[in-house]
Amino acid sequence: MIIAVSALDGGLEAPFHRSFGRSPVFVVIDTETMNHRSLANPGAAAGGGAGIRAAQTILDEKVEALISGDVGPNAYAVLQAAHLPVYIFSGGTVRQAVEAFRSGRLSRADQATGPARGGIGGGMGTGVGRGRGRRGRS
Amino acid sequence: MIITVASGKGGTGKTTVATALALAAAARARPVYLLDCDVEEPNAHLFVNPAIESERAVGILTPVVDAEKCDGCRHCAEVCSFNAIAAYGRTVLVFNELCHGCGNCSNLCPTGAIREELRPTGSVERGWAGGVKAADGWAGGTGAIHFIRGTLNVGEAMAVPVIREVKKEARDAPRGALVIIDAPPGTSCPTVECLKGADYALLVTEPTPFGLHDLKLAVEVARDQLGRRVGVIINRDGLGDGRTEDYCRGEGIPVLMKIPHDRRIAVAYSDGIPLTEALDGYTEKFRALLERLATEVGR
């Protein structure tokens with residue numbers, strides 16, 4: 001299974017980063033082989049809409065699950081559109097996050113877990129979908 | 001002539017100056033337009049008591065995606081500079097609150113699946129302040145001020161689209177008209193929008209360290225970046241120290257007027273009485289100021 005973990009840095013030993021939208025790096029891992037690669041999160045430096053951008057990045061990577069901490073309402077709405085499961089980790093390294101996931105110790109979020117930081121000036125996105133969804137991978 | 005009354009720091013007296021200018025200039029031959037562009041907190045009306053004749057909703061053009069035409073290319077999400085669109089397959093999510101209405105997504109959609117719809121974020125009202133009272137309300141005439149006010153809806157973040165619409169209302173101003181723009185405080189986009197097209201930036205400050213600090217920022221934006229002519233009005237003169245004047249002298253910026261730190265002005269302000277009525281001589285002072293600016297600007 002291919003999963004993404006929000007992290008402060010690249011690699012399996014990098015510290016986990018709990019803020020999804022502003023997380024500097026996403027480490028994408030194959031849980032069977034532990035092969036991994038790290039990609040910069042373009043949302044980290046976004047002027048606004050960080051979570052949306054981060055979520056789009058994750059969706060474009062075709063991962064099957066995300067491990068993060070605080071996922072705001074906008075980001076969650078985007079991940080929801082693709083039916084991408086989000087698992088909540090509290091702290092440690094990327095490797096520890098993957099291990100916790102593999103042993104079934106992480107709980108799955110059923111709603112946004114982080115505050116609406118609101119892109120520009122505090123607006124909260126409602127994220128109303130206007131398209132017809134194709135079923136996402138899960 | 002377009003004069004934008006701006007400041008760095010808030011609460012220095014922009015509206016006091018803008019309304020006094022408008023009232024002093026009214027009753028003269030040239031038409032006067034007073035544009036309250038401090039759309040997050042418009043308050044010029046309190047001092048000129050306008051009769052509002054019309055109101056229209058203004059806002060931002062936001063995208064609406066036609067699912068039948070969308071082929072899921074995700075180009076809209078890629079070209080959005082504000083991360084207001086996410087796309088997964090043919091599911092396109094639009095986050096209206098983040099949309100700046102730039103039109104990239106609709107213009108660049110390869111299948112023409114995106115149209116734009118106005119999302120109201122505020123209103124623009126227009127009317128008259130003073131002048132001749134006709135059967136159906138104020139009707140302009142001698143002493144009248146074209147009064148235009150923008151209001152940003154509570155909870156909205158972007159003032160610029162509303163300010164642009166306020167400014168449009170003065171496009172019909174005849175040659176020789178005097179347009180006074182009461183700008184919001186600060187030096188960010190809304191203030192820049194108010195300074196665009198202005199012949200003169202009248203910067204109101206108070207002679208305190210904070211006032212001076214923000215005045216410098218305002219000069220950087222108005223004069224150095226936008227190339228506007230700038231002049232300073234020092235309000236609450238008597239407070240603080242002489243550093244503001246030293247700075248203006250050093251920069252070659254004229255100090256056009258000093259308004260004293262006078263309790264009578266504060267009392268009048270709290271009652272909605274404009275400066276021109278609060279203290280004797282200010283109508284004449286502001287008229288002299290206008291003449292000086294007109295000469296300098298050449299309009």
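Taking the stretch B:152-167 on its own, how many of its residues are within 11 Å of the chain's Cα centre (by Cα), open to solvent by 10 Å² or more (accessible area, probe 1.4 Å) and either within 14 Å of chain A (Cβ to nearest Cβ) or not charged (D, E, K, R) (or both)?
Counting residues in the stretch B:152-167 that are within 11 Å of the chain's Cα centre (by Cα), open to solvent by 10 Å² or more (accessible area, probe 1.4 Å) and either within 14 Å of chain A (Cβ to nearest Cβ) or not charged (D, E, K, R) (or both) gives 1.
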Identify the residue in the stretch A:29-63 that is among the aliphatic types (A, V, I, L, M) and under 11 Å from the mean Cα position of the chain (by Cα) and, among all such residues, is farthest from the other protein chains (Cβ to nearest Cβ).
A:V63
Condition (residue is crowded, with 16+ Cβ neighbours inside 10 Å and closer than 24 Å to B:C76 by Cβ) applied to the stretch A:101-110: is it met by at least one residue?
no
For the stretch A:14-28, how many residues meet the condition of being away from chain B (no Cβ under 14 Å) and either open to solvent by less than 40 Å² (accessible area, probe 1.4 Å) or within 11 Å of the chain's Cα centre (by Cα) (or both)?
10
Working only within the stretch B:28-41, note down all residues that are touching a helix residue (DSSP H, G or I) at 6+ places or on another chain (Cβ under 9 Å) and either within 16 Å of B:G272 (Cα to Cα) or open to solvent by 10 Å² or more (accessible area, probe 1.4 Å) (or both).
B:R28, B:D36, B:D38, B:E40
Give the number of residues within the stretch B:103-115 that are within 10 Å of chain A (Cβ to nearest Cβ) and in a strand (DSSP E or B).
1
State which residue pairs qualify: first residue farther than 22 Å from B:N49 by Cα and inside the stretch B:274-299, second residue among the hydroxyl-bearing types (S, T, Y) in any location, beta carbons under 7 Å apart, and separation of 6 or more residues or different chains.
B:L293/B:Y200; B:V297/B:Y200
With respect to A:A82, is the statement that it is within 14 Å of chain B (Cβ to nearest Cβ), over 11 Å from the mean Cα position of the chain (by Cα) and open to solvent by 10 Å² or more (accessible area, probe 1.4 Å) true?
no
Only one of these conditions is not met by B:N43: (1) free of Cβ contacts under 8 Å to residues at least 60 places away in the same chain; (2) closer than 30 Å to A:L79 by Cα. Which number is it?
(2)
Hey, can you tell me all the residues within the stretch A:80-94 that are modelled with pLDDT of 95 or more and in a helix (DSSP H, G or I)?
A:V94
Please state which one of A:A116, A:A75 is within 14 Å of another protein chain (Cβ to nearest Cβ), crowded, with 19+ Cβ neighbours inside 10 Å and either of a type in the set (G, A, S) or farther than 23 Å from B:V92 by Cα (or both).
A:A75
Evaluation of B:R264 against (1) touching a residue at least 24 places away in the same chain (Cβ under 8 Å); (2) touching a helix residue (DSSP H, G or I) at 6+ places or on another chain (Cβ under 9 Å) (one fails), failing number:
(1)
What is the number of the single condition among (1) in a strand (DSSP E or B); (2) in contact with a Lys or Arg (Cβ under 9 Å, 6 or more places away or on another chain); (3) exposed (fewer than 14 other Cβ atoms within 10 Å of the Cβ) that B:L118 does not meet?
(2)
Residue count, the stretch B:262-277 (criterion: over 24 Å from the mean Cα position of the chain (by Cα) and buried (at least 16 other Cβ atoms within 10 Å of the Cβ)):
0
Under 8 Å between Cβ atoms, at least 6 apart or on separate chains: pull out the pairs that start in the stretch B:1-21 with a residue that is surrounded by 24 or more Cβ atoms within 10 Å (Cβ to Cβ) and end on any residue that is assigned to a helix (DSSP H, G or I) and of a type in the set (D, E, K, R).
B:V5/B:K14; B:A6/B:K14; B:S7/B:K14; B:S7/B:D214; B:G8/B:D214; B:G8/B:K216
When the residues of the stretch B:216-230 are narrowed to those that are of a type in the set (G, A, S) and touching a residue at least 12 places away in the same chain (Cβ under 8 Å), which ends up farthest from B:V204 (Cα to Cα)?
B:A222
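The values are calculated or read from the model by the stated rules, or taken from the named source; none is laboratory data. The shown structure was predicted, so the numbers you read here are calculated from the model rather than taken from an experiment. Cβ sites come from the backbone with ideal geometry, for glycine too, and all protein chains shown count toward neighbours. Please note that ligands, DNA and RNA were not included when accessible areas were found on the heavy atoms of the full protein model with its side chains. Shrake-Rupley method; radii C 1.70, N 1.55, O 1.52, S 1.80 Å.
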